[in-house]
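The block underneath contains the structure these notes are about, expressed in structure tokens.
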Amino acid sequence: MPKVRDATGTDGRPAQDGPGGRDAAAAGNRRRRTLGPAWAWWGGGAALALVAGGIAIAMVNTTVYSPESQVEDYLAALTAGEGGTAVALASGDGSAGSPAELAPSTATDLLQGEPLISGMAALGDLTVSRGEDTPDGRSTEVLVSYTVDGEEHSTTFTVERTGRDWLFFDRWRMAEVPVQSVQVVPTPLPPEAASGPLTASVNGVQAPLVAEQEETPGRTFAVLPPMVVEASFESAYLQAEPARLVVDHTAAEGTDAEASTTDPSADSLTLDLALKYTDAVSAEVNEQLDRFLSGCTEQKVLNPAGCPMGYDTVNRIPPESITWSMAGDPQASVHELPAEGDDPTAVAPLEAEAILSLSEIDLVTGEQHTVEHREPFTLEADLTVTPDSVRYTPNVP
């Protein structure tokens, strides 16, 4: 009878030389060999995910949640003419509305709409860059660089860290941006013009610069930096070429105009509008001079009333023989508007010559003869100029 081999050895362990025993052992070895690399892949993937997440957070913090983005939003609001949004961003606490510190007489025309858009459009090549953080890391500086008429300018803003969103993303807000006050002043302003309407174009909006309740001419405008304020004036008899003032956060520089402030750190700036006469002033003065002299020469008397010439004689003069005329064509010369402190309206003294033709009858002999008398004279006059009127007033005894 054949002997049947037991599946177990003499020591009670599974026999290793049978087909079943070898397969089971090999499977166990394969499981042990592949377990280690699988866990390594999972660990590596998790590490990569963490690194990628860190990179993503860093990227979001440098773009969406960056201090520069706050300033970019502010600049975008200014560029779009959205003054309310810009004021809210510049308030330091996100509150909307007009800046509370403005004086009642300060105009807000340049804080909204087309005037705001116009002031921003004059800034070329806007560049926003991050500066240094404060040692405590609570705030940082953001520099805005731009050009105006080829000259480089910059405005520095402070942006404060206010916390984090979702544990990872920095939260920022702009520190309060001081509102600048820009006073547009017409100078030198003839005295008579100070009492009437004088409306200038300021960033494209018509703005009165002279008000009856104000002691001095000029108007103050609220401005959020950076901004270019451009003003000009045009009327029948007075005009001012466009003048510009660049309003930066920490300073202001003028181009094509004089910008002045007694304190560089103060918020009050001045844009002078240099007034001058239009060509129509000289034309109107000489027209009035012609009428005045004509009124003198039309009088058939020896001493025309209110005129700078006359003739005295003891002889009898037939009135119909008296004829006055002027030598040549006298022309008045109007001085340009002078610097502050001088007489703001003046006409150069007029040097002219009057010609008198008449017949004289000698009272003793009765002899009659024709006389031609030439009399030089100097005529001085006052000049009154407003935007819409000119008055030439000769000074005669």
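Summary of values
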{"quantity": "Residue list for region 174-206, filter: at pLDDT below 90 and touching an Asp or Glu at 6+ places or on another chain (Cβ under 6 Å)", "calculated": "178, 187, 188"}
{"quantity": "Every pair of residues 6+ apart whose Cβ atoms lie under 6 Å, when the first sits in region 106-127 and is within 22 Å of residue 145 (Cβ to Cβ) while the second is assigned to a helix (DSSP H, G or I) and of a type in the set (S, T, N, Q)", "calculated": "120/79"}
{"quantity": "Leading residue by the ranking (most open to solvent (accessible area, probe 1.4 Å)) among those in region 298-341 that are among the polar types (S, T, N, Q) and under 25 Å from residue 362 (Cα atoms)", "calculated": "303"}
{"quantity": "Odd one out for residue 374 among (1) in contact with an Asp or Glu (Cβ under 8 Å, 6 or more places away or on another chain); (2) under 21 Å from residue 293 (Cβ atoms); (3) at pLDDT below 95", "calculated": "(3)"}
{"quantity": "Of all residues making up region 355-391, the number that are more than 28 Å from residue 280 (Cβ to Cβ) and either in contact (Cβ under 8 Å) with a residue 40 or more places away in the chain or part of a strand (DSSP E or B) (or both)", "calculated": "18"}
{"quantity": "Selected residue [modelled with pLDDT of 90 or more, touching a Ser or Thr at 6+ places or on another chain (Cβ under 6 Å), within 20 Å of residue 248 (Cα to Cα) and open to solvent by less than 40 Å² (accessible area, probe 1.4 Å)] from 86, 77", "calculated": "77"}
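The values are calculated or read from the model by the stated rules, or taken from the named source; none is laboratory data. In this text the structure is predicted, and so the values were computed from the model without any measurement. Here Cβ is always computed from backbone atoms with ideal geometry, including for glycine, and neighbour counts include all displayed protein chains. Accessible surface is based on the protein model in full, side chains and every heavy atom, while ligands, DNA and RNA are left aside. Shrake-Rupley method; radii C 1.70, N 1.55, O 1.52, S 1.80 Å.
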